[in-house]
């Protein structure tokens, strides 16, 4: 007998309905395996491990009250995990063919009649195999899905046993915990200064039970939220570049070979900044150099990237769902000097620390999950006008993993974009390396590999400059 339906959260509903003609809300990834694996072994592992997470057995059902997860009584493992040899054009490399396959899959919708995920095994690739993975964003965010995918590797752990009633209550309370505390009664009144509609919406979302009026801390919080709401509302549209415009819906993907993480840490230490500052600066430099090469001078320009910010304890990642906010990060693509650019990125990252903008973005997504699709699209369109890219940085395991006996030598994923945003930047650390992936729309950036190739060049510049600094005999270990 099929299990009872479970109501989809408002945020997950928002992500489900974010699909449009040019952007599908799927996270697409690849695993490159050092030795071949069989389709039977992959299917057996998925059945044994992945299907213990109920979301991967459930389909989405719409009704007059909203959206629910329902057990798929027509579930077929062969539909969700299939095998297809890599097709190569004359003179085409295996990597180029695999990139083409990943791009094609990124633009192909999942079957809405069944659970919203799909694995495709490429049985022969560079002496081993490749696994192309597609999972709809409504199932989970990057942190959650990284945790789930690690669970299907050799020795991966099963999800903890759930107590349905207790867990459902906790999940429901989580939204209040995340948004209620910073958006208390005083804060809502402060926001009301910018419009009754916003205040009422946030008040309905948080529904505070214990007002904290009179608390000095809440006065500070109210002022901070007020400032962040104003900042979100008054963000100017992004700088015009060749990377902004109307997407076609045809995707292109690229990735680079991993950089040694120890080298990145050494550069960050030498320049007194974080590893993220270094990587984001390299990304900004690569984009600026690419535009400069196309006579689209980035001098004096900045572009905005929406950066996910995790809002959940990592030990709860196995529960799936989307529990992150979005923060607008300004990338100084117009600064050619690599050191000056790193310091500019560091300054912008510091400005985001302590900001309530990720929580406010989460609240907005929660509210759009209650709106009709045209209204949701209109709200999300405002984000798209102020943004050129979506950028995410996910930490992976420090040691190499194995899957069905084969070493996972390299992996990469691509973050989806919403609205008319045509660029997705992914940074992933794994097994002592860190690499950079890019997914773009063919109409806006037909050759993302040209940006990818510049990423390594930008890092080499920083590495050379860091090596010339006086280290005072410090140990970099």
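The values are calculated or read from the model by the stated rules, or taken from the named source; none is laboratory data. A quick note: this is a predicted structure, and the numbers were derived from the prediction, not measured. Here the Cβ is made from the backbone with ideal geometry for all residues, glycine too, and neighbour counts use every protein chain on show.
The table below gives the values:
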| quantity | calculated |
| --- | --- |
| Flag for residue 109 being within 22 Å of residue 138 (Cβ to Cβ), assigned to a loop (DSSP other than H, G, I, E, B) and out of contact with any helix residue (DSSP H, G or I) (no Cβ under 7 Å at 6 or more places or on another chain) | yes |
| Residue check for residue 390: outside the structural domain of residue 22 (by TED's automatic domain parsing), more than 30 Å from residue 36 (Cβ to Cβ) and either assigned to a strand (DSSP E or B) or free of Cβ contacts under 8 Å to residues at least 24 places away in the same chain (or both) | yes |
| Evaluation of residue 31 against (1) under 23 Å from the mean Cα position of the chain (by Cα); (2) farther than 26 Å from residue 95 by Cβ (one fails), failing number | (2) |
| Meets criteria (within 19 Å of the chain's Cα centre (by Cα), surrounded by 15 or more Cβ atoms within 10 Å (Cβ to Cβ), modelled with pLDDT of 90 or more and not in a strand (DSSP E or B)) for residue 439 | no |
| Evaluation of residue 149 against (1) part of a helix (DSSP H, G or I); (2) more than 21 Å from the chain's Cα centre (by Cα) (one fails), failing number | (2) |
| The one condition in (1) at pLDDT 85 or above; (2) over 23 Å from the mean Cα position of the chain (by Cα); (3) farther than 30 Å from residue 405 by Cβ that residue 155 fails to fulfil | (3) |
| Residue within the range 323-338 that is more than 30 Å from residue 6 (Cβ to Cβ), in a helix (DSSP H, G or I) and either touching a helix residue (DSSP H, G or I) at 6+ places or on another chain (Cβ under 9 Å) or modelled with pLDDT under 95 (or both) present | yes |
| Candidates 279, 243, 259, filtered to the one that is modelled with pLDDT of 90 or more, buried (at least 20 other Cβ atoms within 10 Å of the Cβ), within 24 Å of the chain's Cα centre (by Cα) and more than 19 Å from residue 431 (Cα to Cα) | 243 |
| Search result, residues across the range 47-69 that are in contact with a helix residue (DSSP H, G or I) (Cβ under 8 Å, 6 or more places away or on another chain) and under 26 Å from residue 409 (Cα atoms) | 47, 49, 50, 51, 53, 56 |
| Any hit, the range 39-46, residues being touching a helix residue (DSSP H, G or I) at 6+ places or on another chain (Cβ under 7 Å), free of Cβ contacts under 8 Å to residues at least 60 places away in the same chain and more than 14 Å from residue 67 (Cα to Cα) | yes |
| Breaking point among (1) surrounded by 21 or more Cβ atoms within 10 Å (Cβ to Cβ); (2) not in a loop (DSSP other than H, G, I, E, B), for residue 429 | (1) |
| Matching residues, the range 76-106, being touching a residue at least 12 places away in the same chain (Cβ under 8 Å) and touching a helix residue (DSSP H, G or I) at 6+ places or on another chain (Cβ under 6 Å) | 77, 81, 83, 86 |
